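**Student:** Please find one structure pasted underneath; my questions will follow.
Here, each number is a calculation from the coordinates, and none is a lab measurement. These numbers were taken from a predicted model, which means no experiment stands behind them. Glycine gets a Cβ as well: all are built from the backbone with ideal geometry, and neighbour counts include every protein chain shown.
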Amino acid sequence: MTIIYYLAIVGLTTGDDYSSQFYNQALDSANPDSVWPPSSDNGEQQSFKYPFSFTHRSLYSAGWARQVNVNDLPIAKNIAGVQMKLIAGGIREMHWHASDEWAYVIEGQCRVTIVSPEAKGRVADIKQSDLWFFPSGWAHSIQGIGKDGCFFILAFNKGDFNDFDKFQLTDYLIHTPHLVTDLNFATTGRTFARLPKSKLYIFPSQLPGPLEKELAAVAKGTGLTPPITFDTTKIEPNVTRTGGSVKIIDRRNFPLTTMASAILTINPGGMREMHWHPNADEWGYLVRGQARITTFAANGEARTMDFQEGDVSYVPRAMGHYIQNTGNTTVTFLEVFPTPYFADMSLATWLAHTPEQLVDAHLHTGARFLDGIYKEKAVFRPL
Ligand code: MN
Ligand code: MN
């Protein structure tokens, strides 16, 4: 339908004999703004979209993982993403890495564990639409619990992050001289005799014991880390409009995090208004629905791309953009930033707080134009 609509408004005026039988029809119908770009698009701006469906899915008996990093999406210099599924009991091996880790649970439940450099531990159970944040270097693990385990999206504040070469517990012990391991733990050679021959990464196991019991055990002697998880259902949206609502989770309500995020709900017909971010690049992930984004890259450069569930977007710092719901269902969209504090500049708010005569001198919009604009930030275009 969408293609026919674009043909009707653009095709007839271009004289293009675009014949879809020689092209990838499935991708063309999912990307109408690339096949028939709006006439406002211009220039050589590189792609800011990468579908997880294009990536290699690494399969394990207890789950799977796939990633989009700067090798797949060259514009995404400061954040990489990973999708992961763990079946009930499935463990993502105890590990650590050199970047911070932000996560959002899309479906199901999992149990996470972490230990800080201060030797404080924590265990937490987390469910759909909750977040977690693990600072770089803090050792952690994830396990699927409940009936069906969990499916989640991870973001790391390093564009060339590679989930498959992190520091794994088993790998470390396998690659340390055995005499040193025994010296370290004051053990004999028999203790580590059954160590796996290679790293585990994702593997099946039994479900963990009661949370309270595990929490008490890891807190012994040193106490607990600050909270590492965030229940997003417990906070009210920062802004609610007819077009949608947004919840912002950053250093102000989640003190441990160095990665700010916004969870957008965009109603059918709604649009996250034209804006930009003064302090950081935006890594985006479409959880539900369908949407389109145009990025304005200065110097007359602009490009429009379409997004489906499971697609990653990336908008460099200061580039103008909007997120328009192009479907009939509600959009859930995640914005993640490699900075502790969320900040955005609204085009409409900028104009609303500028002298009218000055705005009119640029845009010739007339005397009443600014009266119709929210003085507070709208975030969503009014329906
Ligand atoms: Mn990790
Ligand atoms: Mn944005």
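**Student:** Suppose we filter Asp130, Asp148, Asp171, Asp160 for residues that are in contact (Cβ under 8 Å) with a residue 24 or more places away in the chain, of a type in the set (Asp, Glu), in contact with a Gly (Cβ under 9 Å, 6 or more places away or on another chain) and away from ligand 1 (no atom under 11 Å from the Cβ); which single one remains? Spell out how you get there, then give the answer.
**Tutor:** Numbers: Asp130 fails: in contact with a Gly (Cβ under 9 Å, 6 or more places away or on another chain); Asp171 fails: in contact with a Gly (Cβ under 9 Å, 6 or more places away or on another chain); Asp160 fails: in contact with a Gly (Cβ under 9 Å, 6 or more places away or on another chain).
It is Asp148.
**Student:** Just checking, does the stretch 177-194 include any residue being buried (at least 16 other Cβ atoms within 10 Å of the Cβ) and within 22 Å of Leu86 (Cβ to Cβ)?
**Tutor:** No: zero hits.
**Student:** I would also like to ask the following. What's the number of the condition Ser205 fails, among (1) free of Cβ contacts under 8 Å to residues at least 12 places away in the same chain; (2) farther than 27 Å from Asp72 by Cα; (3) surrounded by fewer than 15 Cβ atoms within 10 Å (Cβ to Cβ)?
**Tutor:** It is condition (1) that Ser205 fails.
**Student:** So which of Asn325, Asn279 is among the polar types (S, T, N, Q), more than 11 Å from ligand 2 (Cβ to nearest atom) and buried (at least 23 other Cβ atoms within 10 Å of the Cβ)? Show your work before the answer.
**Tutor:** Working: Asn279 fails: buried (at least 23 other Cβ atoms within 10 Å of the Cβ).
Being among the polar types (S, T, N, Q), more than 11 Å from ligand 2 (Cβ to nearest atom) and buried (at least 23 other Cβ atoms within 10 Å of the Cβ) holds for just one of Asn325, Asn279, which is Asn325.
**Student:** I need the strands (runs of 3 or more DSSP E) fully contained in the stretch 286-383, keeping only those with at least 3 residues that are over 13 Å from Phe48 (Cβ atoms) and of a type outside the set (S, T, N, Q). Please lay out each step first, then the result.
**Tutor:** Working: elements: 291-296, 302-307, 311-315, 320-325, 331-337.
In the stretch 286-383, 331-337 are the strands (runs of 3 or more DSSP E) which contain 3 or more residues that are over 13 Å from Phe48 (Cβ atoms) and of a type outside the set (S, T, N, Q).
**Student:** Do the conditions hold for Thr176, that is, is it over 30 Å from the mean Cα position of the chain (by Cα), free of Cβ contacts under 8 Å to residues at least 12 places away in the same chain, in a loop (DSSP other than H, G, I, E, B) and over 30 Å from Ile75 (Cβ atoms)?
**Tutor:** yes
**Student:** Across the stretch 44-92, which residue is surrounded by the most Cβ atoms within 10 Å (Cβ to Cβ) among those that are among the small types (Gly, Ala, Ser) and more than 19 Å from Gly146 (Cα to Cα)?
**Tutor:** Of everything passing the filter in the stretch 44-92, Gly81 is surrounded by the most Cβ atoms within 10 Å (Cβ to Cβ).
**Student:** Can you find a residue in the stretch 107-122 that is away from ligand 2 (no atom under 16 Å from the Cβ), surrounded by fewer than 19 Cβ atoms within 10 Å (Cβ to Cβ) and within 24 Å of Asp311 (Cβ to Cβ)?
**Tutor:** yes
**Student:** Given the condition outside any strand (DSSP E or B) and more than 16 Å from ligand 2 (Cβ to nearest atom), answer yes or no: does some residue in the stretch 139-156 qualify?
**Tutor:** Within the stretch 139-156, not a single residue is outside any strand (DSSP E or B) and more than 16 Å from ligand 2 (Cβ to nearest atom).
**Student:** Starting from residues that are more than 15 Å from the chain's Cα centre (by Cα) and outside any strand (DSSP E or B), keep the ones in the stretch 263-282 and report whichever is farthest from ligand 1 (Cβ to nearest atom). Spell out how you get there, then give the answer.
**Tutor:** We begin by selecting, within the stretch 263-282, every residue more than 15 Å from the chain's Cα centre (by Cα); these are 266-279.
Going one step further and asking which of them are outside any strand (DSSP E or B), we end up with 267-270, 277-279.
Values: Asn267: 34, Pro268: 36, Gly269: 38, Gly270: 34, His277: 25, Pro278: 29, Asn279: 25 Å.
It comes out as Gly269.
**Student:** What tally of residues in the stretch 197-221 results from selecting those that are out of contact with any strand residue (DSSP E or B) (no Cβ under 9 Å at 6 or more places or on another chain) and farther than 27 Å from Glu118 by Cα? Can you show your working first?
**Tutor:** Of the stretch 197-221, the ones out of contact with any strand residue (DSSP E or B) (no Cβ under 9 Å at 6 or more places or on another chain) are 197-198, 206, 209-210, 212-213, 216, 221.
From the residues that got through so far, the ones that are farther than 27 Å from Glu118 by Cα too are 197-198, 206.
Of the residues in the stretch 197-221, 3 are out of contact with any strand residue (DSSP E or B) (no Cβ under 9 Å at 6 or more places or on another chain) and farther than 27 Å from Glu118 by Cα.
**Student:** In addition: Give the residues of the stretch 87-114 that are within 13 Å of ligand 1 (Cβ to nearest atom) and farther than 16 Å from Phe230 by Cβ, sorted by residue number.
**Tutor:** Ile91, Arg92, Glu93, Met94, His95, Trp96, His97, Ala98, Ser99, Thr113
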